[in-house]
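The structure appears right after this line, and notes come after that.
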Amino acid sequence: MLLFALGFLLVILQPSAGQFPRVCANVQSLLSKECCPPWDGDGSPCGELSSRGSCQNILLSQAPLGPQFPFSGVDDREDWPSVFYNRTCRCEGNFMGFNCGECKFGFSGLNCTERQVKTRRNIFQLTASEKNKFLAYLNLAKNIPSQDYVIATGTYAQMNNGSNPMFRDINVYDLFVWMHYYASRDTLLGGSNVWRDIDFAHEAPGFLPWHRVFLLMWERQIQRITGDENFTIPYWDWRDAEDCEVCNDEYMGGRHPTNPNLLSPASIFSSWQVICTRSEEYNSQQALCSATSEGPIRRNPGNNDKSRTPRLPSSADVEFCLSLTQYESGPMDKMANYSFRNTLEGFADPQTAISNPAQSGLHNALHIYMNGSMSQVQGSANDPIFVLHHAFVDSIFERWLRRHRPMLEVYPAANAPIGHNRENYMVPFIPLYRNGEFFKPSRELGYDYEYLQEPALQSFQDFLTPYLQEARQIWAWLVGAAVFGGIVTAVLTGLVRACRKKKGGTSSEIQPLLIESEDYNNISYQSNF
C-alpha cells in the first residue's frame, strides 16, 4: 500500500514520457495547434524563464519518402505531430520533456548536469528479491493511472478538427501498449477501406531506434511510479533456448493446467486484460482502439506454425547478423537484402541475409513462437515478455553499433518508408524524438548491458570514442591540411636555404655545407606529398 501511494505521488509531481499530454488534450490547444505547457518550477511555458526551453514551431523534415505509402493528407500520423500541434517545447541543453521539466536520457540532477550510466541485467541473474520487485513493478504499472498522458479515441477528423476532443484516461502499462498499437495500426481511408502497408515502428530503418526510445521511456516511467531511480529493464537472452525459459510462474507466467492458451492462475499476469488486439474490428468501424478490455493474455509457446518458425534463434544466427556491415539496403523495408536491420527484425534469413517474409527469424521468431497475444504486431506489447525480449534485441543492436561504429550518415536521410527517415519525428511520442537521435551507443543514452561490459577495456574505449568519432568526421580536412602544410613547409625551407646561400657567399665558416657552383642552378624545391 505504501509503494502504491508513493508511486501515485511521484506520478502527480513529475511529468512522464508518453503520448498526448493531458494539459494539451483540450479544445484550445487543438485549435491553436500549440502544446507548450508551463514548467512547474517557474510557471512559464517550457520553463523559458529558467532557460530550460521555449515554445517553437516544429521543424519537419522535407526529405523525400519511399514509395510504400502512395497517399498524402489521409493519416494523422503523417508529418507527426503537425496534424495535432505545430508548436511544441524545444528544450535547451540536457533538458527534455513536453514542458522541458525532465533530464535527457543519461543525465540527472537539479540542472541535468550529472551523467549516469545504469546497467540492464539478465533476468536470470537477478536475486529472488530483485526479480519479485520487477514483477511487482509491472503489476503496479498495470493498476495505476497515467497522470500526465491520455490516449486519443478518435482521429483528428472525428474530433471535428479539434473542436470536439476525443481522449480518455489509461493506466501506465497500457499507455505503452496503446502507443505500440498506434504506431503500427493501418491507415483508415474511409468506408471500409484501409491501407495495411504502413508502420511507423516496424519493417523499416526506424525499427531499432523506435523500440530503443520505447524502452527508455518505459524504464523511466517505472522509475517514476515506484521511486526506484536505479531500476533498469532486465533482458531475456533467448539464444539457443530450447523452450520459453521465462514461461513459468516464478517469472512471466506458466501454462494454464486446463487451457494451454492461457496463463496459470498462480501467475499475477493471469488476471491482466489485453487491449488493442482487434484490428479488423477497428478497421471495419473506421475507429481507433479505445483501450477497453478485450480478454486475458493468450500465450501457447512452442505450438506455433513450425513451417514459418521452426526453432528459437541460435547464437550462430546472432553472430551472422552482427557480421553484416550495412545497416540498411535497397528498398529499406521488409524486402531489403544484406541489411542488418532487416535480418535482426526477422524478415531476412539469419544465415544468408536474403529477404524471406514467409519465414520469421531472430526478433520475429520470438513473437511467432509465443503463439498468442505477442504474435500479433499491434497488440504484442500486452504480454510483459515483450519488454524482456526487446531489451535483448536492443542489446544486439548495441553490439552492432560498437562493432561497426557507424557515423550518423549511415542511417538513411531520405527515401525510407514514411516516418523512417533520419530527421522524421517518431510516432506517437510527445516530447518529440527524431530517429537519428537514437542511432548511437547506449552509454551516451545512460545505460549499458551487463554481458557487454568489459571494465578496463570499456573505460579506455569510452575515453577514446568521442575523439575517434570527431577524427572520422574531419579526416578529409585533416589529410588536406597535412598535404597543404607539407607543401608550404617545403617551399619555405627552400627559400630559407636559398637566402642563406646568397647571404653567406663562399665562406666555409658561415656556410660549411656548400654545394658545387655548377649544381646550384639545378636545385628544385619539391614536396614528397
Item checked: Relative contact order (%) - criterion: Cα under 8 Å, at least six apart; region: the range 262-375 -> 24 percent
Checklist line | Coil-residue trypsin sites (Lys or Arg not before Pro) of the range 311-344, DSSP, other Cβ within 10 Å capped at 16 | finding: 311
Item checked: Full-extension gain in nm, residue 271 to residue 143, via 0.36 nm per residue minus C-alpha separation -> 44.9 nm
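Compute the orientation-averaged projected area for the range 286-370 from the convex hull of its Cα atoms and round it to one decimal in nm².
Over all viewing directions, the range 286-370 projects a mean Cα-hull area of 7.5 nm².
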Next item on the list: First obtain the Kirkwood hydrodynamic radius of the range 213-295 from its Cα pairs, then insert it into the Stokes-Einstein equation at 37 °C and 0.692 mPa s, and state the resulting D in µm² per second as a whole number.
Entry: 206 µm²/s
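Quick one: length gained pulling residue 241 to residue 229 fully straight, 0.36 nm per residue minus the C-alpha distance?
Gain on extension, residue 241 to residue 229, equals 1.1 nm.
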Item checked: Radius ratio Rg over Rh of the range 114-222, counting only Cα atoms, Kirkwood formula for Rh -> 1.06
Margin query: Bins of 5 Å, beginning at zero and ending with the bin holding the largest distance: percent of Cα pairs per bin for the range 251-293, please.
Written below: 5, 22, 18, 14, 14, 14, 9, 3
Next item on the list: Give me the compactness ratio for the range 51-195, meaning the Cα radius of gyration over 2.2 N^0.38 Å.
Entry: 1.35
Check: Can you give the extra length, in nm with one decimal, that the chain gains between residue 164 and residue 56 once fully stretched, where that is 0.36 nm per residue apart less the Cα-Cα distance?
Finding: 36.4 nm
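Taking the range 136-219, which trypsin sites (Lys or Arg not before Pro) meet the DSSP loop condition and have no more than 14 other C-beta atoms within 10 Å?
196
Only the coordinates and a few stated rules stand behind these numbers; no lab work does. Remember, predicted model here, so these are calculated numbers, not experimental data. Using ideal geometry, Cβ is built from the backbone for each residue, glycine included, and neighbour counts are taken over all protein chains shown.
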